[in-house]
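Okay, so here's the structure we're looking at.
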Amino acid sequence: MSSILIIDDERAIRNTLSEILQHEGYKVEVAENGEMGFELFKKNSYDVVLCDIKMPKMDGMEFLEKSREVNPDVPLIMISGHGNIETAVEAVKKGAYDYISKPPDLNRLLITIRNATDKTTLVTETRTLKRRISRVQEMIGESEAIKKIKETVSKVAPTDARVLVTGENGVGKELVAKWLHEQSQRNKGPLVEVNCAAIPSELIESELFGHEKGSFTSAVKQRIGKFEQANEGTLFLDEVGDMSLEAQAKVLRALQEGTITRVGGDKEIKVNVRVVAATNKDLMAEVEDKRFRMDLYHRLSVILIHVPSLNDRRDDIPLLVDHFLGAICAEYGIAKKTMEPEAISLLQQHYWTGNIRELRNIVERLIILSDKKITVKDVLDNVKI
């Protein structure tokens, strides 16, 4: 049931609107002036507010401005018997959802309220969906290595220090980067990810810095690069060790000067990004083999975080298995399955070449192919131990 707040100093209007809206199935509260209405607005949650403009103590325009500071997502429908087109335009400019003259046309009022409540529902659903999509998965584990990573992230995240995350494929380097972003002061800005290994060397510069229309054969329109997309946020350079030397030189310049130039352009564009890089390579060995720039390595590695392989943290496997059982069963919409302790012990003996990613895949396989309790036999039948 949608909740509506009516603010009007005329008792007859309040009572009439309240009776009509209650008859339509809405939950209604009323206030006889702007001050009383504002106090209710601060304390309670409403889907729509109907507010008169001309009122003593606090008029409707003042209420509009103050309410936007408290919760800008609640639609406000302004009503007035003294209004004109200028008042209506001013109200909408200040954030009102709509403006209706007194006496209100009942059909128009009900349609407007229905549309406003639909908007409130959509805003709520969108916020929930964004929160679900952007939720950062927790790094599961109680091993000393994981505790050290958590402690380092908590210290480093609030700063703008560049971080280099190292470790084998599948250990969770991307998760560390997301942690750093979410706990930083840039978390309201974007987190932009670039997999340097997945982009052909001839396209990496365009991907990172963008290009101007006509700068090369397939450049049919201007493209904004990842550095610009990540402005005021965090740029995550995954597999940075696979970047070409030419691209490395331009990344170094961007980090040194805080500016980039699009491919085919000559204009310098200021960018304010925090760079977090990750690699599964030994970058110092790459430097010795002249495949990675020493100066870029030092720029990227202000803070070093090494994520251990799953084989080096086998004691965390029971916690990880329990986490994946809950998460994957929830995705499938089924009751959480359990695993026999002996079956978990078998998984602890497995040699993990794919690390956390491989463990998750195996748990998902066992959930699909097993009954409510995953047994030793299930593991032996479906996992090469």
Those residues of the stretch 338-351 which are part of a helix (DSSP H, G or I) and in contact with a strand residue (DSSP E or B) (Cβ under 6 Å, 6 or more places away or on another chain), in sequence order | Ala343
Residues of the stretch 174-226 being out of contact with any strand residue (DSSP E or B) (no Cβ under 7 Å at 6 or more places or on another chain) and on the phi > 0 side of the Ramachandran plot, in sequence order, are Gly214
Specify the residue that is nearest to Glu193 (Cα to Cα); the eligible residues are those in the stretch 256-280 that are within 29 Å of the chain's Cα centre (by Cα) and loosely packed, with under 15 Cβ neighbours inside 10 Å.
-> Asn272
Within the stretch 212-231, considering residues that are touching a helix residue (DSSP H, G or I) at 6+ places or on another chain (Cβ under 7 Å) and part of a helix (DSSP H, G or I), the one surrounded by the most Cβ atoms within 10 Å (Cβ to Cβ) = Phe227
Considering residues of the stretch 285-313 that are among the basic types (Lys, Arg) and buried (at least 16 other Cβ atoms within 10 Å of the Cβ) only, the residue nearest to Leu255 (Cα to Cα) = Arg299
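Listed here are the residues, each with its yes/no results for (1) modelled with pLDDT under 90; (2) under 37 Å from the mean Cα position of the chain (by Cα); (3) surrounded by fewer than 22 Cβ atoms within 10 Å (Cβ to Cβ).
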| position | (1), (2), (3) |
| --- | --- |
| Glu39 | no, yes, yes |
| Lys43 | yes, yes, yes |
| Val48 | no, yes, no |
| Ile53 | yes, no, no |
Give me a count of the residues in the stretch 32-60 that are closer than 22 Å to Lys119 by Cβ and in contact with a Gly (Cβ under 8 Å, 6 or more places away or on another chain).
-> 5
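Residue by residue, here is whether (1) more than 16 Å from Ile4 (Cα to Cα); (2) surrounded by 18 or more Cβ atoms within 10 Å (Cβ to Cβ) holds:
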residue	(1), (2)
Lys27	no, no
Val30	no, yes
Val70	yes, no
Leu76	no, yes
Pro104	yes, yes
Ile111	no, no
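Hand me the list of helices (runs of 4 or more DSSP H) wholly inside the stretch 141-211 holding 3 or more residues that are farther than 19 Å from Asn272 by Cα.
Once the helices (runs of 4 or more DSSP H) in the stretch 141-211 are filtered for at least 3 residues that are farther than 19 Å from Asn272 by Cα, what remains is 144-156, 173-182.
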In the stretch 232-248, which residue that is part of a helix (DSSP H, G or I) and either of a type in the set (Phe, Trp, Tyr) or surrounded by 14 or more Cβ atoms within 10 Å (Cβ to Cβ) (or both) is nearest to the chain's Cα centre (by Cα)?
-> Val240
Taking the stretch 340-359 and the residues there that are touching a helix residue (DSSP H, G or I) at 6+ places or on another chain (Cβ under 9 Å) and touching a residue at least 40 places away in the same chain (Cβ under 8 Å), the one that is nearest to Gly141 (Cα to Cα) would be Ile356
Please find, within the stretch 352-378, the residue that is surrounded by the most Cβ atoms within 10 Å (Cβ to Cβ) out of those that are of a type in the set (S, T, N, Q) and assigned to a helix (DSSP H, G or I).
-> Asn355
Any chance you could count how many residues in the stretch 316-337 are outside any helix (DSSP H, G or I), in contact with a Lys or Arg (Cβ under 8 Å, 6 or more places away or on another chain) and loosely packed, with under 14 Cβ neighbours inside 10 Å?
-> 1
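Residues checked against (1) under 17 Å from Ile146 (Cα atoms); (2) aromatic (Phe, Trp, Tyr); (3) outside the structural domain of Lys155 (by TED's automatic domain parsing):
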| site | (1), (2), (3) |
| --- | --- |
| Ile303 | yes, no, no |
| Pro318 | yes, no, yes |
| Leu347 | no, no, yes |
| Trp352 | no, yes, yes |
If a residue has to be outside any loop (DSSP other than H, G, I, E, B) and under 28 Å from Lys147 (Cβ atoms) to count, how many in the stretch 260-297 make the cut?
-> 9
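The values are calculated or read from the model by the stated rules, or taken from the named source; none is laboratory data. Here the structure is a predicted model, which is why all the values come from computation and not from measurement. Here the Cβ is made from the backbone with ideal geometry for all residues, glycine too, and neighbour counts use every protein chain on show.
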